[in-house]
Amino acid sequence: MALRKSSRQAGDGAEAAGAEVSSSGRRGAPRGLPDGRPRGHFAVYVGDSRNRHIVPISLLSHPQFQLLLQWAEEEFGFDHQMGLTLPCDELFFIFLTSALR
């Protein structure tokens with residue numbers, strides 16, 4: 001398979017500034033999503049204070065994290081207004097996600 005050369009000239013600074021070119025050709029779009037999440041990550045709310053944590057989507061394939069999601073479904077159901085809220089202690093969540101990465 002042949003690689004297509006970029007039409008950008010070397011040294012235009014777009015890569016160095018952390019910008020990318022969107023499919024519409026617009027330069028300077030920040031990497032990630034508008035709410036501050038990097039691509040490939042999602043937000044969950046954890047603990048009594050509902051602190052927001054950003055986790056990689058790769059955690060969705062881990063059986064331990066899937067159990068946590070089932071627990072959230074039993075606790076809150078699917079029609080919950082605050083996004084994905086996990087009904088566990090924040091320290092437990094941090095320990096679990098650290099172990100799974």
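The values are calculated or read from the model by the stated rules, or taken from the named source; none is laboratory data. Computed from a predicted structure; not experimentally measured. With ideal geometry, Cβ positions are generated from the backbone for all residues, glycine too; neighbour counts draw on all protein chains shown.
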The residue that is farthest from His62 (Cα to Cα), considering only those in the stretch 77-96 that are part of a helix (DSSP H, G or I) and touching a strand residue (DSSP E or B) at 6+ places or on another chain (Cβ under 6 Å), is Glu90
Consider Leu69 carefully, then state whether it is closer than 25 Å to Pro34 by Cβ and either modelled with pLDDT under 90 or touching an Asp or Glu at 6+ places or on another chain (Cβ under 9 Å) (or both).
no
Quick one: how many residues across the stretch 53-79 are farther than 12 Å from Thr97 by Cβ and surrounded by 13 or more Cβ atoms within 10 Å (Cβ to Cβ)?
4
The lone condition Thr97 fails out of (1) at pLDDT below 75; (2) surrounded by 14 or more Cβ atoms within 10 Å (Cβ to Cβ) is (1)
Can you confirm whether Pro34 is assigned to a loop (DSSP other than H, G, I, E, B), in contact with a Gly (Cβ under 7 Å, 6 or more places away or on another chain) and modelled with pLDDT under 90?
no
